[in-house]
Amino acid sequence: MIISDNYRFCFVHIPKCAGTSVRRSIEAFDDTGGAFTKRVEEHDILGLLDYVHIPLSVLERHFPLEYRKVRDYTSFAVVRDPFARFPSSLAQRIKMYKGKTLQNLSKKEVRRSLDEAICFLDKNRGESLLPPEFIHFQSQKSYVYNGGQRIVRNLYTVDRVSELLNRIEEVVGEKFLSRSQSSHQNKTIVYRSALVRNVVMALRPLLSVYVGRLLSERARAAMRGYIYVPGGDKLDGVFKSEYVKSFVGEYYSQDIALFRQVGETGAL
């Protein structure tokens, strides 16, 4: 979360909704000293807390001054299609709390982590604050509404982040030096299979020495095509199963409605 007292605006960072890209562009205007960025620390009452992603109801109870600023200042947030956000949330949990990446997991391992997440979320329905390990699954609506009241006034979809930054530029009266980097989204590539990954890892010393010398760039590109695929392609069968789609559709029904509402206009 970014709070600028000087320019009276706030950016509420909804997990896995391009918030890091936005934050990097505007963190120079943050007057909290980074208190709500990059922190997972112990809170006196809440225990271990991800300070980057605090739902509004929790912010109101435990950080009333900051909550009033979100409520009273010009506020912004980015929302994302819940069906696209869910796999990204799982990938973040695996990276941060299992020390692995999707490219190093087999489909079986991904399914196991997926089942763990769904089981936990199902058992903890209605929680106003999920623990840090699962905070990236927190509902988007909890960062926009509080007590049935819309608090964050300016919402944008992830494909319209540049428009959000245009609006903030109007508020602060200057362009961002890092603007060209703000809307860049890396595409994750993963090994085609666990078998391919194991073979490549075993042969990596030889490949690093000889492939560049013996093969043309075109041949190397073709080889990469056999080794890697876009992360979404590899896991399509996992995340597009009826089991997952049914859970996301039901669990995030309010987020789906919110995303569609914002998406119809591009910004709300």
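Quick look at the values:
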item	result
Residue-level accessible surface for Y51, protein heavy atoms, 1.4 Å, Å²	20
Sorted peptide list for 8-19, 127-138, criterion being average Cβ within 10 angstrom, highest first	8-19, 127-138
Potential extension, A35-R112 segment - 0.36 nm per residue separation minus Cα distance	24.3 nm
Alpha carbon centroid spacing (whole Å) that separates the range 18-64 from the range 141-161	16
Whole-number accessible area per residue in Å² for the range 70-170, which is evaluated in the context of all protein chains at 1.4 Å	44
Most to least packed among 83-93, 115-125, 252-262 [average Cβ atoms within 10 Å]	83-93, 252-262, 115-125
Relative contact order (percent, whole number), the range 86-153, Cα cutoff 8 Å, 6+ residue spacing	32
Globularity index of the range 74-177, i.e. its alpha-carbon radius of gyration over 2.2 N^0.38 Å	1.31
Shape metrics for the range 48-113, restricted to C-alpha atoms - Rg then Dmax, Å	16.4, 47
Distance violations [Cα-Cα > 26 Å] among K69/K100; K69/K245; K38/K240; K141/K175; K16/K123	K69/K100; K69/K245; K38/K240; K141/K175
Accessible surface of the range 1-71, 1.4 Å probe, proportion on carbon and sulfur as whole %	44
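The values are calculated or read from the model by the stated rules, or taken from the named source; none is laboratory data. Quick caveat, the model's predicted, so the values are computed rather than measured. FYI the Cβ positions are ideal-geometry reconstructions off the backbone, even for glycines, and counts take in every protein chain you see. In case anyone asks, the SASA skips ligands and DNA or RNA and just uses the protein heavy atoms, side chains included. Shrake-Rupley method; radii C 1.70, N 1.55, O 1.52, S 1.80 Å.
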